[in-house]
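What follows is a single structure, written as structure tokens, with notes after it.
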Amino acid sequence: MQSIYWVITRACTQKCAHCYISAGPDEESLSEPEVEQIVRNFPEKASQIILAGGEVLLVKSLLYKALDTLYSRFGKNTRYMIQTNGDLLDERTVEELLGHNVSRIDISSIDAFHNNRKSLGHLNEIMNSKAVRYLEFPRFVDEDGNIPLAAYSFWGSTPDLWLGGVWPRGRALENGLWKRNPSHNFCGIWSGALGFLDNDSPQQEINVRLSHAYPCCPATKIPLGDLREKSLLDILDEHRGNHVYEALNRGRPETMGVEQGISVEFAKARIEELGSCCLWCDEFLEKYSQTPHQSMC
């Protein structure tokens, strides 16, 4: 598997108005036994695993438990990455993260929504003090084509990045902070559903939000399955051949209902009306996916 994006907690130091998973100080986290069970249900190989929140450094003992459990399972052949808003980063924490085999730290709060407690200059000083190399997001390699042993980057929820027509989820949806952009097909790009069923594809990324698996980062209305109960590969196998999920796998949400008689034209019209292919996916899974329909034009 190419990539697993794993939200281990919804607890956070902040309660941002745009947060697509509605994270905040009092939200839930996995338990350590759940972490162990979920890692046992990951596939035998994964090129990279990204641990995110919420704010993962708010639950540091859980984060380190997850990192150590992952390393025991996958070893040095997998890249371990974290995403943080930077509030709790200091020299000691960076040293601890490197000691727990983290090779990349993404500071994902450089936008108008987060209340940054540390300046970019201070964060750069912290990273430089531990010889962590800056790479401009979304680069993973340096100018010589090599992946640094320890790297970091800055990014955030800017209009051109994560709010550019996506994230009709959580507080972003509640507060009207997502952009209506029906022409933006998030399903067909990285972190969308494109290739999620294709185990040999470099495009494949599975989103795991706490224990539930999803084909995309925004998360579908209905999860694929629960990793406390089944292996991830078994969950994916259960959805192969299903015309709805095969459509998502192709990055073509407008074709989800073709075999049920729901035309592409009807789907495109609903995407236009709703303002997002993600909201059409929600509507389809909630209203149309369980029963056959006559042709809708």
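The values are calculated or read from the model by the stated rules, or taken from the named source; none is laboratory data. A quick note: this is a predicted structure, and the numbers were derived from the prediction, not measured. Heads up, the Cβs are rebuilt from the backbone with ideal geometry, glycines too, and the neighbour counts pull from every protein chain shown.
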> Which of the residues belonging to the stretch 70-86 are crowded, with 18+ Cβ neighbours inside 10 Å and not small (Gly, Ala, Ser)?
Replying inline: 70, 74, 78, 79, 80, 81, 82, 83, 84, 85
>> Could you check the stretch 78-93 and list, in sequence order, the residues that are within 20 Å of residue 135 (Cβ to Cβ) and out of contact with any Ser or Thr (no Cβ under 8 Å at 6 or more places or on another chain)?
In response: 82, 89, 93
> Which pairs have Cβ atoms under 7 Å, sit 6 or more apart or on different chains, and link a residue in the stretch 186-199 that is modelled with pLDDT of 95 or more to one that is assigned to a loop (DSSP other than H, G, I, E, B) and among the charged types (D, E, K, R)?
Replying inline: 197/240
> Here are 114, 100: which of them is at pLDDT 90 or above and either closer than 26 Å to residue 207 by Cβ or outside the structural domain of residue 7 (by TED's automatic domain parsing) (or both)?
Replying inline: 100
> Among the candidates 56, 94, which residue alone is under 29 Å from residue 233 (Cα atoms) and either buried (at least 17 other Cβ atoms within 10 Å of the Cβ) or of a type in the set (S, T, N, Q) (or both)?
Replying inline: 56
